[in-house]
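Remarks on the structure that follows.
The values are calculated or read from the model by the stated rules, or taken from the named source; none is laboratory data. This structure is a prediction, so every number in the text was calculated from the model and none was measured. Protein only, heavy atoms only, side chains kept; ligands, DNA and RNA dropped before computing areas. Shrake-Rupley method; radii C 1.70, N 1.55, O 1.52, S 1.80 Å.
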Amino acid sequence: AFDIRLENETMKQRYGYTSLGQCSLLARRLVEAGCRFVGIDHGSWDTHFDCFPSQEKDLFPHADRAFSALVTDLEERGLLDSTLVVMMGEMGRTPRINGRAGRDHWSQAQSVLFAGGGIRPGRIIGATDKHAAFPVSDPVGVDDLLRTILNLMGIDSERIYRTPLGRPVPLVKDGRFLDELV
C-alpha cells in the first residue's frame, strides 16, 4: 500500500505532484488496503504575513485538487460510503487581514469539510456573520465534531477510561452528534 510507484501516471497526476496530493493518493491506497484510520498532516497554512501569494499558488489549488481527487477516487472505487473524509485545521484564521498582509489564529470560527462515511452531501451547518468572525446560527463546537466523528467511525463517544489512579477520562466530555450531517 505504501508503494505509490505502483499507481499509473494518470492517477498520480490526478492527485497532483505535491506533498499533499501524493499523501492523499497514499491515503486512498491505505484505505483500500483496509487501514481504519489515516491522517494527512499538511503544514504551511500558518500564513501570518504576505499570505496571498502562497494561498493563490500553493495552498488553495493543491488542497482543492487533492481533496477532490481523493473523494472522487474513493467514490469510483465504491469506498466513499464506508470512508469518512474530514478536512479541517486546528483553528480558523482571522476574518481581517493583518498589517503584514497575513491572517492570524482565530478560534471563534472555521470551516470543516466532511465527505463520505454516511454524510449527506451538500449540507451546510451553521453560519457566521458577514465578516466570518462569529457564529450567528447553529454553532458547532470541537466536542460536537469529535462526538460526531467518533460515532461515524463506530467508536462509542460515551466511553470513559480510567487513569491508573481511577480518575474518569471521557473520550468526549460534552457535545452533541450532528444529526444534520447524516
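Can you bin the chain into rounded, prolate or oblate? Criterion: square roots of the alpha carbon gyration tensor eigenvalues sorted a ≥ b ≥ c, rounded for a/c under 1.5, prolate for a/b above b/c, oblate for the rest.
On the way: a/c = 1.68, a/b = 1.05, b/c = 1.60.
Verdict is oblate for the chain.
For 15, 161, give me the order by solvent-accessible area with a 1.4 Å probe, most accessible first, ignoring ligands, DNA and RNA.
Listed by decreasing accessible area, they come as 161, 15.
Each residue of segment 150-167 in order: what ³J(HN,Hα) in whole Hz does its phi give by Karplus 6.51 cos²θ - 1.76 cosθ + 1.60, θ = phi - 60°, with x for Gly and Pro?
These are the phi-based 3J(HN,Hα) values: 4, 5, 5, 7, x, 9, 5, 6, 8, 4, 10, 9, 10, 6, x, 8, x, 5 Hz.
Mind checking the full-extension length gain between residue 77 and residue 50? Use 0.36 nm per residue of separation minus the Cα-Cα distance, one decimal, nm.
Between residue 77 and residue 50, full extension yields 5.7 nm more.
Measure off, as a whole percent, the carbon and sulfur share of the 1.4 Å-probe accessible area of segment 82-153, all protein chains present.
55 percent
Would you pull out the residues with amide H under 5 Å of residue 128's amide H, same chain only if 5 or more places away, H placed 1.01 Å from N?
When sequence neighbours closer than 5 places are left aside, the close amide H contacts are 136.
So how exposed is residue 6, as accessible area in Å² (1.4 Å probe, rounded to 10)?
The accessible area of residue 6 comes to roughly 130 Å².
With a 1.4 Å probe and every protein chain left in place, tell me how much accessible area residue 160 has, in Å² to the nearest 10.
90 Å²
With a 1.4 Å probe and all protein chains kept in place, how do 52, 177 rank by accessible area, largest first?
Order by accessible area, largest first: 52, 177.
Quickly estimate the mean residue ellipticity at 222 nm for the chain, helices only: each DSSP H run with n ≥ 4 gives -39500 (n - 2.57), and the total goes over all residues, rounded to 500.
Taken over the chain, the calculation gives -8500 deg cm²/dmol.
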